[in-house]
Amino acid sequence: MSEMAATRDGYGQALLEIADNPKVVVMEADLGKSTKSLHFRKKYPTRTISCGIGEQNMLLAGAGLAASGYIPFASTFAIFTERAFEQMRNGVARPNLAVHLCGSHGGTHTGTDGSSAQSIEDLAIYRTLPNVVVMHPSDYVSTLELTKQLPGLDKPSYMRTARNKTPVMYRGRESEIIIGKGITLCQGTDVAIIACGVLVSESMKAAEQLADKGINATVVDMHTLKPLDGDLINSLVAQCGAIVTAEDHNVIGGLGGAVAEHLVSNHYAPLEMVGVADRFGESGQSDEMLEVMKINSKYIEQAAHRAIARKS
Amino acid sequence: MTLSISELEEFARKCRVEIVKMVYRAQAGHPGGSLSEIDLISALYATRMRVRPNQPKWDDRDRFILSKGHASPGMYAVLAEMGFISHEDLHSYRVLGGKCQGHVDMKWCPGVDFSAGSLGMGLSFGLGCAVAARLDNSERRTFVMLGDGELQEGSVWEAAMAAAHHEVGNLKVILDRNRIQNDDFCEVQMRMFDIPAKWRSFGWEVKEIDGHNMEEVMSGLDFLESTNDKPSILIAHTIKGAGVSFMEDNPSFHGAAPNDEQFAQAMAELGEVIA
Ligand SMILES: Cc1ncc(C[n+]2csc(CCOP(=O)(O)OP(=O)(O)O)c2C)c(N)n1
Ligand SMILES: [Mg+2]
């Protein structure tokens with residue numbers, strides 16, 4: 001796990017790889033250098049639509065393009081996609097138009113820009129929209145693969161990517177990456193840790209720390225929050241009997257919320273949610289933010305102990 | 001405060017040095033838009049703003065809303081020069097727990113009246129502050145600094161229309177017309193055509209100046225202070241990165257820090273001797 005890369009670069013690369021499809025168009029809101037759509041823009045300027053600093057316009061123009069047979073990929077920072085939430089709701093999701101929205105720089109991990117840039121609610125809000133597929137991949141390869149599947153998806157989607165580099169985990173495992181299917185990264189029977197995004201590698205670290213103490217954890221990369229891989233969660237409940245979720249997102253409404261909703265209406269298991277404790281972030285380096293928010297491997301490990309202790 | 005033109009220029013020069021130092025220490029942040037706005041904010045604070053640095057929450061203070069909140073180093077430098085915060089506090093820029101958050105934030109820094117970072121929000125907020133002053137029968141004024149790329153946000157125009165409709169004459173905008181936004185020149189990203197005409201057609205009083213000529217800046221501020229029956233906007237033609245040659249008119253320094261060599265060059269150009 002020594003290779004490091006940013007998921008946003010996986011998105012940028014994917015746009016180049018799907019460019020053969022003449023219906024693919026890219027939309028920008030003055031953050032193409034950051035979300036990494038700039039490479040597509042350089043190569044295919046006529047298929048790239050600059051919307052200036054105007055996220056709301058971008059989303060609805062995207063809806064019009066989608067309704068006219070194009071496949072728009074619109075991106076900005078995760079936080080600024082939220083500016084266009086109602087456009088996404090009424091203009092995109094309601095008529096079920098396949099606009100693909102990517103929000104980069106998600107989570108507190110984004111760092112020193114501070115709280116105004118650290119989206120901790122994007123996954124929650126988009127999860128509440130009917131028709132919308134919600135993803136938050138953990139590494140470069142999975143971001144690339146998931147994005148490449150989007151032109152074949154006849155629905156709108158939201159994908160959160162991260163600003164900073166994370167370990168590359170899926171080289172050679174590309175075929176395992178499928179929208180809507182969680183990926184089991186390691187197997188154990190004491191506790192299952194379900195994570196997304198930058199906290200997947202933190203969860204792997206937590207599993208190693210737990211192994212040192214004789215506790216065997218399963219770790220699942222739940223890159224798709226909606227539709228949620230309920231079959232996989234049911235099998236984790238049967239296999240481990242205790243669940244931990246981990247996300248760089250508010251504990252309200254994100255991955256933890258999605259898993260909790262599933263557990264209460266299916267097979268029950270104790271659940272401990274690691275996430276941002278319903279507070280805003282601040283300026284800090286990425287690793288400092290994971291510590292301040294109490295969401296790094298240390299806290300995931302502690303949550304695993306608590307979940308195991310709650311098994312009846 | 002009454003400062004001569006040359007004293008104002010020196011005030012702004014000191015602030016420029018602090019801006020570059022902040023961004024260099026953090027190895028992140030936004031020097032370009034801080035350097036373009038600095039002559040304007042320096043003159044505004046040093047000669048116009050009715051504020052009390054030792055009592056930052058004084059009810060009748062004028063409000064300054066930095067809507068382009070990424071250009072925070074400029075505002076922090078001025079707040080330090082005015083005594084709202086210390087020069088030591090400038091070392092907390094982008095540092096965990098620091099007063100000087102990446103984007104200006106009213107919860108973190110004394111003298112900051114708006115939590116910025118999302119473009120297109122400051123004018124509406126300023127409108128609210130100005131309406132409140134009117135309801136309070138207060139003489140306080142609200143000054144809002146906008147970026148030119150920021151004008152592309154539709155919400156700016158919702159606020160502009162409402163301010164004219166409600167004849168909010170105590171609302172005063174300064175536009176930092178530096179012709180560059182994040183990815184590139186505004187002309188490439190989104191052409192805005194005749195910006196002064198747009199504001200006039202929305203019912204605003206408009207004046208244009210060279211935002212780096214201190215005499216013109218002072219007459220521009222006179223214009224804002226004397227226009228009280230309508231909202232007014234001072235369109236300041238500026239150079240992004242002004243004062244540091246390699247940053248000037250260079251979109252790459254919208255949000256990038258200088259390296260060691262560039263830092264030394266910047267200090268030399270700004271007449272700062274580094275021990
Ligand atoms: C709503 C929103 N969208 C995008 C951004 C990201 N962003 C930060 S600065 C910037 C460019 C701003 O350009 P301008 O307003 O001209 O500011 P200046 O040139 O004075 O730095 C962008 C797009 C943001 N902060 N807020
Ligand atoms: Mg600008």
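Straight-line reach from residue B:21: which lysines have a Cα under 18 Å away, not including same-chain ones fewer than 8 places off? Those lysines meeting the cut-off are B:99, B:240. The long axis of helix B:214-226 is offset from the longest Cα principal axis of chain B by roughly 30 degrees.
Remark on residue A:194: its backbone amide H falls under 5 Å from those of A:220, A:244, A:245, A:246, a criterion applied only to residues 5 or more positions apart or on other chains, H modelled at 1.01 Å from N.
Counting Lys and Arg as +1 and Asp and Glu as -1 over every other residue whose Cβ lies under 12 Å from the Cβ of residue A:148, the net charge comes to -4. For the stretch A:183-309, a/c is not less than 1.5, where a ≥ b ≥ c are the root eigenvalues of the C-alpha gyration tensor, and a/b does not top b/c. That puts it in the oblate class. Mind pulling the angle between the C-alpha long axis of helix B:5-26 and the longest principal axis of chain B? Nearest 10 degrees, somewhere in 0 to 90. The angle comes out at about 60 degrees. The mean number of Cβ atoms from other chains found within 10 Å of a Cβ in peptide A:105-114 is 4, as a whole number. Can you list the aspartates and glutamates whose alpha carbon sits under 12 Å from that of residue A:33, skipping same-chain ones fewer than 8 residues off? Once the sequence-local aspartates and glutamates are set aside, what remains near residue A:33 is A:9, B:183, B:184.
Net charge of the neighbourhood of residue A:251, taken over other residues with C-beta under 12 Å away and scored Lys/Arg +1, Asp/Glu -1, is -3. Only Lys, Arg, Asp and Glu carry charge here, each on its Cβ (+1 for the first two, -1 for the last two); on that basis the stretch A:134-249 has a dipole of about 300 debye about its Cα centre.
Taking a straight line from the alpha carbon of residue A:311, these lysines sit under 30 Å away, with near neighbours fewer than eight places off in the same chain left out: A:181, A:205, A:213, A:226, A:294, A:298. Per-residue ellipticity at 222 nm computed for chain B from its helices equals -12500 deg cm²/dmol, with DSSP H segments shorter than 4 residues left out and the rest contributing -39,500 (n - 2.57). The sum of -39500 (n - 2.57) across all DSSP H runs of n ≥ 4, divided by the residue count of chain A, sets its helix-only mean residue ellipticity at 222 nm to -10000 deg cm²/dmol. Please report the spacing between the Cα centers of the stretch A:263-312 and the stretch B:237-270 in Å, no decimals. Cα centres, the stretch A:263-312 to the stretch B:237-270: 43 Å.
Mind running the shape call on the protein assembly as shown? Use the C-alpha gyration tensor, a ≥ b ≥ c as the square roots of the eigenvalues: rounded below 1.5 for a/c, prolate if a/b tops b/c, oblate otherwise. It comes out prolate by the Cα gyration axes. In this structure residue A:112 has an accessible area near 20 Å², from a 1.4 Å probe over the protein heavy atoms. Helix B:154-165 axis versus longest C-alpha principal axis of chain B: approximately 40°, rounded to the nearest ten. Pull out a ≥ b ≥ c, the square roots of the eigenvalues of the alpha-carbon gyration tensor of the stretch A:4-167, then state rounded if a/c is under 1.5, prolate if not and a/b is larger than b/c, and oblate in the remaining case. Since a/c stays below 1.5, the shape of the stretch A:4-167 is classed as rounded. Residue A:17 sits among other residues whose Cβ lies under 14 Å from its own Cβ, and their net charge, with Lys and Arg +1 and Asp and Glu -1, is -1. So how exposed is residue B:58, as accessible area in Å² (1.4 Å probe, rounded to 10)? Only protein atoms counted, so the area is about 60 Å².
The values are calculated or read from the model by the stated rules, or taken from the named source; none is laboratory data. Keep in mind that this is a model prediction, so the values were computed, not measured. Please note: Cβ atoms are built from the backbone with ideal geometry, for glycine as well, and neighbour counts cover all protein chains shown. The accessibility values were calculated without ligands, DNA or RNA, using every heavy atom of the protein model including side chains. Shrake-Rupley method; radii C 1.70, N 1.55, O 1.52, S 1.80 Å.
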